[in-house]
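Asker: Before we start, here is the structure in question, set down as structure tokens.
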Amino acid sequence: MVDATASFDGNRLEAMEATPRALPADHAGLSVSAADGAALAAYAEFCRSALFAPAQSPAWILNWARYAEADTVLATLNAEGRPAFSLALEVTSRGPFRVARFMGGRHANGNFAAADPHWLTRADGAAIRSMLAAVARARPDIDLVALERLLPDLDGVANPLASLAHFPSPNLSLAVDLAGGFDALLSRASGKRRRKRHRSQARKLEAVGSYRRIEAQTADEANRLLDAFFEMKEFRFRKMGIANVFGEPEVRAFFSALFVEALSDDKPSFVLHGLEVAGKLRAVTGSSRSGKRLICEFGAIADDDLAHASPGDFLFFDNIEEACERGFEVYDFSVGDEPYKRLWCDIETQHFEVLIPLTMKGRALVLVLRQGARLKTFVKNSPTIWKLTKMLRRKTAGQAARAAGEDDS
């Protein structure tokens with residue numbers, strides 16, 4: 001890997017107005033534009049034949065642009081008169097810095113920008129660096145392009161962004177190989193004990209009332225599952241002392257539109273499942289479908305009298321079994337190394353990050369972000385330190401909650 005703080009062209013490129021216009025002849029194969037209706041429509045058309053990850057799908061991009069009211073930039077590399085590679089980015093403020101990132105921020109995981117499969121066989125870093133130079137021309141206000149949580153490959157095709165300076169993401173992504181079907185999977189993962197546990201959980205659920213697994217089929221069902229998820233997650237994050245990344249109204253509106261609109265497709269790219277016990281939702285998962293991979297984008301459980309029965313684990317069991325029945329080859333738990341994932345997983349994926357400074361300010365921010373990533377990696381690779389960190393975070397959250405209660409009295 002080369003120095004991640006090095007400028008991709010060594011010089012600050014001359015400014016170019018942010019509105020779309022023709023590029024100089026030496027950049028005739030490049031275009032950078034604000035994401036107006038025409039640009040978004042062109043992106044959606046390109047994706048009909050392109051390879052991309054769920055967070056770079058047209059549905060994701062269009063809905064995030066609409067509901068988050070993102071300052072969106074579409075950068076496209078053309079080859080032989082046709083789009084070959086496209087970066088859909090949002091420009092956000094980070095203190096005094098302006099950063100272009102994948103749309104959705106921390107919600108966008110396992111990223112793989114939209115690319116023509118034929119172009120990918122001959123993609124090179126020089127073309128992508130020229131593309132980023134065009135972004136710098138079009139948006140001189142951007143200090144840094146931060147492309148995080150990138151997949152090393154998608155369906156066996158290497159990520160072209162790996163040709164740029166990069167470093168490992170702090171978090172692993174975990175998945176389970178579904179080869180041979182569910183019985184074969186269980187034979188590799190203590191199947192007899194796992195089935196016994198699942199039956200025991202079922203009895204605990206039945207003792208409270210009837211239970212059923214739900215797949216959202218209507219807009220009302222989707223919104224009911226999402227509302228329950230948001231409530232579960234808010235409580236969980238507050239208890240853990242973590243900022244609620246699902247708390248903003250625009251984020252909730254985005255996910256509602258994403259999952260509701262997917263229902264109109266023959267094979268929805270985004271799907272919600274829930275476990276209902278005695279008329280109450282106790283666990284919810286939101287998943288994306290990407291080729292032969294089913295990806296759990298998020299999940300949560302209710303912190304109530306049934307939490308001891310592990311309703312989340314029960315729902316994962318059924319979700320994974322159905323994924324096998326429907327011919328998926330991988331069940332992907334996405335980013336984050338957690339014990340409940342380790343109970344299933346036999347595949348580790350190391351995502352990577354690309355930081356491209358466009359200004360001197362951007363170079364300074366790269367140094368800060370690289371150091372932060374190293375610190376996160378160190379903490380999360382040390383079980384003792386990571387356990388202590390989480391304990392202190394929960395303690396701090398508890399003290400804050402008590403202080404708020406005292407103020408209210």
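Asker: Report, in deg cm²/dmol and to the nearest 500, the calculated mean residue ellipticity at 222 nm for the chain, where each DSSP H run with n ≥ 4 adds -39500 (n - 2.57) and the sum is divided by the residue count.
Answerer: The per-residue figure over the chain is -13000 deg cm²/dmol.
Asker: Here's a follow-up. Tell me, in nm to one decimal, what length is gained between Ser130 and Lys361 on full extension, where the rule is 0.36 nm per residue of separation less the Cα-Cα distance?
Answerer: Extending this stretch completely gives an extra 81.1 nm.
Asker: With r defined as the distance between the Cβ atoms of Ala243 and Phe182 and R0 fixed at 51 Å, what FRET efficiency is calculated, to the nearest 0.05?
Answerer: Computed FRET efficiency for Ala243 and Phe182 comes out at 0.85.
Asker: While we're here: Extension gain Arg194-Glu234, at 0.36 nm per residue separation less the Cα-Cα distance, in nm?
Answerer: 11.4 nm
Asker: Right, here's the next one. Quick one: pull the percentage of alpha-carbon pairs in the stretch 241-302 with a separation above 13 Å.
Answerer: Of all Cα-Cα pairs in the stretch 241-302, 70 percent lie more than 13 Å apart.
Asker: Sticking with this structure for a sec: Read phi for every residue in the stretch 153-161 and hand back ³J(HN,Hα) as whole Hz from Karplus 6.51 cos²θ - 1.76 cosθ + 1.60, θ = phi - 60°, with x for Gly and Pro.
Answerer: Going residue by residue, I get 7, 10, 6, x, 9, 5, 6, x, 6 Hz, with x marking Gly and Pro.
Asker: Taking loop as defined by DSSP and a crowding limit of 13 other beta carbons within 10 Å, which trypsin sites (Lys or Arg not before Pro) in the stretch 304-370 fit?
Answerer: Answer in residue order: Arg326.
Asker: Continuing with this model, one more query. Under the Kirkwood approximation applied to all pairs of distinct alpha-carbon atoms, what is the hydrodynamic radius of the chain in Å?
Answerer: Kirkwood hydrodynamic radius for the chain: 22.9 Å.
Asker: Take Val366, Val245 and order them by how many other Cβ atoms sit within 10 Å, fewest up front.
Answerer: Ranked by crowding around the Cβ, least crowded first: Val245, Val366.
Asker: Only counting other Cβ atoms within 10 Å, I'd like Met103, Met232 sorted with the fewest neighbours first.
Answerer: Ranked by crowding around the Cβ, least crowded first: Met232, Met103.
Asker: Give the dimensionless ratio obtained when the Cα radius of gyration of the stretch 283-355 is divided by 2.2 N^0.38 Å.
Answerer: So the Cα radius of gyration is 1.19 times the expected 2.2 N^0.38 Å.
Asker: Pop a pseudo-label 7 angstrom from the Cα along the beta-carbon direction at both Asp266 and Ala278 and give the gap in nm to one decimal.
Answerer: Placing both labels 7 Å beyond Cα along the Cβ direction yields 4.4 nm.
Asker: Nothing charged except the Cβ atoms of Lys and Arg (+1) and of Asp and Glu (-1): what's the magnitude of the dipole of the stretch 179-328 about its Cα centre? Round to the nearest 20 debye.
Answerer: It comes to approximately 1020 debye.
Asker: If you find the alpha carbon centre of the stretch 278-306 and of the stretch 203-275, how far apart are they in angstrom?
Answerer: Their Cα centres are 7 Å away from one another.
Asker: Sticking with this structure for a sec: Of Gln217, Tyr340, Ala262, which is farthest along the charge dipole of the chain in the positive direction, counting Lys and Arg as +1 and Asp and Glu as -1 at C-beta?
Answerer: Farthest towards the positive end: Tyr340.
Asker: Taking the convex hull of the Cα atoms, report for the stretch 179-328 its projected area averaged over all directions, in nm².
Answerer: Mean shadow area of the hull around the Cα atoms is 9.5 nm².
Asker: Right, here's the next one. About the Cα centre of the stretch 154-230, what is the dipole size in debye to 20, counting +1 per Lys and Arg Cβ and -1 per Asp and Glu Cβ, all else neutral?
Answerer: 860 debye
Asker: A follow-up question, please. I need the peptides 112-119, 130-137 ranked by packing, meaning the mean over residues of other C-beta atoms within 10 angstrom, with the highest value on top.
Answerer: 130-137, 112-119
Asker: State, to one decimal in nm, how far the label point of Gln217 lies from the label point of Arg203, with both points 7 Å from Cα in the Cβ direction.
Answerer: The modelled label-to-label distance comes out at 3.2 nm.
Asker: Strictly over 29 Å apart at the Cα level, which of Lys239/Lys361; Lys233/Lys376; Lys196/Lys267; Lys341/Lys376; Lys292/Lys376; Lys192/Lys341 would you flag in this model?
Answerer: Lys239/Lys361; Lys196/Lys267; Lys292/Lys376
Asker: Which far-off residues, 5 or more places away or on another chain, put their amide H under 5 Å from the one on Ser334, with H placed in the peptide plane?
Answerer: Amide H neighbours of Ser334, under 5 Å, 5+ apart: Leu174, Cys296.
Read-outs: derived from the displayed coordinates by stated rules, not from any lab. Bear in mind that the values here come from a model prediction, so they are computed numbers and not experimental data. Methodologically, a virtual Cβ is constructed for each residue, glycine included, from the backbone with ideal geometry; neighbour enumeration extends over all protein chains shown.
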